[in-house]
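> Pasting a structure here, questions to come.
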Amino acid sequence: MLGKGEIAALGFQHVLAMYAGAVIVPLLIGGALGFNGEEMTYLVSIDIFMCGIATLLQLTVNRFFGIGLPVVLGCAVQAIAPIILIGQDMGIGAIYGSIIVSGLFVLLIAPFFSKVVRFFPPVVTGSVVTVIGLTLIPVAINNLAGGQGAKDFGSMYNLGLGFGTLLLIILVYRFGQGFSKAIAVLIGLVGGSLFAALYKGISLGPVSEASWFHMPKPFYFGAPTFEWPAIITMILIALVSMVESTGVYFALSDITEQKLTKKDLTRGYRAEGLAIMLGGVFNTFPYTAYSQNVGLVQLSGIKTRKVIYAAAGFLIVLGLIPKIGAVTTIIPTPVLGGAMVAMFGMVVAQGIKMLGKVNFTSQENLLIIACSVGVGLGVTVVPDLFNAFPDFVRLFTSNGIVAGSVTAIALNIIFNMIPHRKEKEVTNPEPQHAD
């Protein structure tokens, strides 16, 4: 039987395990879209607050939502690049309009997702996640060098700070034990920032200016707008996140020895959809189940939901204190860049891991991966490639992630699904009736 102090300590450990991954999403998006210090502080604070709310939605089991497993929800890293592109092309309103609609889509599709999931086998999801990671790497390298347009871009100081942060993360992961490995990125961010503060100094202005308490405000950045290209992009990201969350649910089911039914999964997807919709309303980002916390459940051997309730409580309290959120906004850009190289590289590695389940003896699967990754990267590098096409076509080709995803889904249907139907027709022919 765990005491209250032990539950609190274990809950805070879960917060630390997911904190760096959750905070990096608003930091990257806000930085890329040119948010000021006050806006960045709000973005980080509301993000942490909503991570707690989203986690509570999954923990609380009722007839409509909640899977009831010790699962922690956080911002989906794979949504970073699409959100930045949507914000740059269509404005902030389009980001949140598309997030709200994608959350509604998840809510509606939840009972039927088992039928849709066959369109997202590992060859598709692995290709999509790999493309997402690869499109993020240039963002990481630019930040490591000081940020695009910076006067000291590529200076020895910036490169030393960025690669030094990356090296620290690698060393912690190599020589650290247990929990320290789980927070290697956080240690890298703190270590890099401390070095920068001692060597060159860091302005604490945003922290001193931030208030001690604030309440979340709906539509803080203005009213949402609804643009079809943005909506389709976020729906695709939501589908990929649902596939990943399914893996997390089954992993936790196995660890906790709690069998999952279709109704359990439906409630889990609904909680995720509701969290995404609330994220759009309060101007945060899409949510998904965090796999790093699954590792912590496995590592600690503590499977009770009480610990995750404590983690959710900590997240909500931290999110209501802007000064804590402001601390993360003063992290030097090269330090963030060094951490991003590791994190975004891990997104690519996760995609490759997912592709490890694919039958590579099949030339068809190899072609699906080759074409989807090639098209996705090609459109990312040359975004004006399809400018001469009609608007409807550009709907699917203006974004490398959407283009790569659509290519993977279409080729999987052509190579792996239609032939199977034909085989069934051959092996189970219609009965012949005598004249």
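The values are calculated or read from the model by the stated rules, or taken from the named source; none is laboratory data. Computed from a predicted structure; not experimentally measured. Reconstructed Cβ throughout: ideal geometry from the backbone, glycine too, with neighbour counts over all protein chains shown. Note: accessible area is taken over every heavy atom of the protein model, side chains too, but ligands, DNA and RNA are not part of it. Shrake-Rupley method; radii C 1.70, N 1.55, O 1.52, S 1.80 Å.
> For the charge dipole of the stretch 4-417, defined by +1 on Lys and Arg C-beta atoms and -1 on Asp and Glu C-beta atoms about the Cα centroid, which residue among Val406, Leu239, Gln258 has the Cα displaced farthest towards the positive pole?
Gln258
> How much solvent-accessible surface does Phe105 expose, in Å² to the nearest 10, with a 1.4 Å probe and all protein chains in place?
60 Å²
> Could you check how much of the accessible area of the stretch 4-417 is carbon and sulfur, as a whole percent, using a 1.4 Å probe? Let's see the in-between values first.
On the way: 11900 of 17540 Å².
Accessible surface attributable to carbon and sulfur in the stretch 4-417 totals 68 percent.
> Assign unit charges at the C-beta atoms only (+1 for Lys and Arg, -1 for Asp and Glu), then state the dipole size of the stretch 4-417 relative to its Cα centre in Debye, rounded to the nearest 20. All intermediate terms of the calculation are to be shown ahead of the outcome.
Details: 21 positive and 16 negative charges, 219 e Å.
About 1060 debye.
> Another one. If you take the beta carbon distance between Leu108 and Trp212 as r and set R0 to 41 Å, what does 1/(1 + (r/R0)^6) give as a FRET efficiency, to the nearest 0.05? Walk me through the intermediate numbers first.
Numbers: r = 40 Å, r/R0 = 0.98.
Result of the calculation: an efficiency of 0.55.
> Using a basic spin-label model with each label point 7 Å from the Cα along Cα→Cβ, how many nm lie between Lys357 and Val382?
The answer from the label model is 3.4 nm.
> Keeping all protein chains in place and using 1.4 angstrom, which order do Thr288, Thr361, Thr333 fall into by accessible surface area, from largest down?
On the way: Thr288 10, Thr361 115, Thr333 50 Å².
So, going from the largest accessible area down, we get Thr361, Thr333, Thr288.
> Follow-up question, since we're still on this one. Under a 1.4 Å probe, what is the accessible area of the stretch 4-417 per residue, stated in Å²?
Numbers: 17540 Å² over 414 residues.
So the stretch 4-417 comes to 42 Å² accessible per residue, rounded to a whole number.
> Hey, another quick one. Looking at this model, which pairs from Lys4/Lys306; Lys259/Lys353; Lys303/Lys357; Lys262/Lys306; Lys259/Lys303 are more than 19 angstrom apart at the alpha-carbon? Could you put the intermediate results ahead of the total?
Values: Lys4/Lys306 10 Å; Lys259/Lys353 25 Å; Lys303/Lys357 28 Å; Lys262/Lys306 24 Å; Lys259/Lys303 14 Å.
As for pairs spanning more than 19 Å Cα to Cα, those are Lys259/Lys353; Lys303/Lys357; Lys262/Lys306.
> Starting from the 7 Å offset along Cα-to-Cβ, what nm value, one decimal, do you get for the label separation of Tyr199 and Ile255?
Once both label points are built, they end up 3.7 nm from each other.
> For the pair Asp152 and Met90, how long in nm is the line joining their label points, each one 7 Å along Cα→Cβ?
Output for this residue pair reads 3.9 nm.
> Oh, and also: Quick one, what does Rg over Rh come out to for the stretch 4-417 if you take C-alpha atoms and the Kirkwood Rh?
Working: Rg = 20.5 Å, Rh = 21.6 Å.
For the stretch 4-417, the value is 0.95.
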